[in-house]
Each structure stands twice: as C-alpha cells, then as structure tokens.
Amino acid sequence: MAKALIVYGSTTGNTENTAKQIAKVLAQGGHEVVIQDVRKTKVEELGNGFDLTLLGSSTWGDSEIELQEDFASFFEEMDKANLRSKKLAVFGCGDSSYPHFCGAVDQLREKIEDMGGVIVNEPLKIDGDPGDAAEDISGWAHEVAASF
Ligand SMILES: Cc1cc2nc3c(=O)[nH]c(=O)nc-3n(C[C@H](O)[C@H](O)[C@H](O)COP(=O)(O)O)c2cc1C
C-alpha cells in the first residue's frame with residue numbers, strides 16, 4: 001500500500017474541502033492517506049516517509065507571494081525539505097476573475113521543480129466553489145492515484 005501526505009492551506013474552507021475530496025479518492029484506491037492543515041505541518045515532513053506529497057493552497061494575490069496566509073510562511077521555509085526526486089502534486093482554489101488565476105499553484109509548482117521534486121500530474125486549479133467541481137477533482141485524484 002502506498003502512502004500519501006496531503007497538506008493544505010485554506011482561509012474560507014474551499015481548498016480544505018478540495019483536499020478532503022482528493023483524500024477520499026486516494027483512500028478508495030487503497031492508499032494510506034494523511035491529511036493535515038499546513039499550520040500543523042513541519043516542512044521536514046514533506047516527502048519524508050511518503051510515496052506522494054500533495055500540496056494545496058488557495059491564492060490571495062496582492063503581494064509577491066500569492067499563497068494563502070498560513071501557506072506563505074511555510075513556503076518560505078520549504079527549502080529545508082528534501083524534495084529531490086520525490087513525487088509531488090499540487091492543487092488549489094482561486095477565482096478566474098483575478099488577473100493571476102491560482103497563482104499560488106504556479107508558485108508551488110515552480111518551487112518544487114527548483115528543489116528537484118517530480119510533479120506527477122498537471123496541477124489542479126479550481127475556479128470558485130469546489131462543491132461544483134466534484135467531477136474534475138475526482139478525475140484528477142484518480143489520475144494522481146494511478147501515478148504512484
Ligand atoms: C482579497 C482576495 C484576493 C484574491 N486573490 C486571488 C487571486 O489573485 N487569484 C485567484 O485565483 N483567486 C484569488 N482570490 C480568490 C480565492 O483564492 C478563492 O476565494 C478561494 O476559493 C479561497 O480558497 P480557501 O477558502 O481555500 O482559502 C482572492 C480572494 C480574495 C478575497
């Protein structure tokens with residue numbers, strides 16, 4: 001059985017909801033899943049003892065780092081993690097009426113690639129309410145589940 005860690009940062013609950021939907025699909029696929037709020041996560045946990053690490057952040061785009069506020073400080077510490085050759089996937093919620101839709105997802109992807117991590121699937125960007133995107137989330141999670 002493969003082991004996945006899902007870490008999310010969420011202000012109004014949308015990315016948390018998405019993370020839970022993803023966790024359900026991975027668990028149904030027979031994987032062991034640990035899901036936790038970024039506030040309760042240490043950067044050293046990333047990729048450490050897990051076959052896949054999924055990072056989810058919503059976007060709050062009025063500063064250089066567009067990540068959700070709890071994830072922003074975690075992001076700045078991420079260089080302490082060893083992600084080289086580790087498998088990761090990225091997701092997040094946003095709103096396409098903003099100029100940089102889901103910019104946090106792009107920033108996470110770039111950081112992971114700079115650190116030598118392997119992104120297993122095209123990042124998932126949810127526009128609006130994740131309750132209306134259940135099929136997209138489930139389809140993406142199934143692809144991720146098949147990748148590790
Ligand atoms: C002040 C503010 C700024 C935002 N900036 C962006 C942005 O730049 N890009 C984007 O895609 N969404 C932006 N959003 C939308 C949020 O990312 C979206 O509401 C998301 O679903 C929140 O997810 P969360 O509940 O997981 O934090 C912004 C929302 C607010 C209220």
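The values are calculated or read from the model by the stated rules, or taken from the named source; none is laboratory data. The structure displayed is predicted, hence computed values, not measured ones. The area values use the complete protein model at the heavy-atom level, side chains included, leaving out ligands, DNA and RNA. Shrake-Rupley method; radii C 1.70, N 1.55, O 1.52, S 1.80 Å.
Annotations
- Full-stretch length increase - LYS3, GLU76 - with 0.36 nm per residue and alpha-carbon distance subtracted: 23.7 nm
- The chain, helix-only ellipticity at 222 nm - DSSP H runs n ≥ 4, -39,500 (n - 2.57), divided by all residues, nearest 500: -10000 deg cm²/dmol
- Cα pair count fraction exceeding 25 Å, expressed as % - the chain: 18
- Annotation: amide H of ILE35 within the under-5 Å range of ILE6, sequence separation 5 or more or interchain, hydrogens built in the peptide plane.
- For region 1-22 versus region 114-138, the inter-centroid distance based on Cα atoms is 10 Å.
- Note on LYS40: lysines with a C-alpha under 18 Å away, same-chain residues under 8 apart excluded, are LYS20, LYS80.
- Overall, the accessible surface of the chain at a probe of 1.4 angstrom is composed of carbon and sulfur to the extent of 44 percent.
- For the chain, the antiparallel share of DSSP beta bridges with both residues in that region comes to about 5%.
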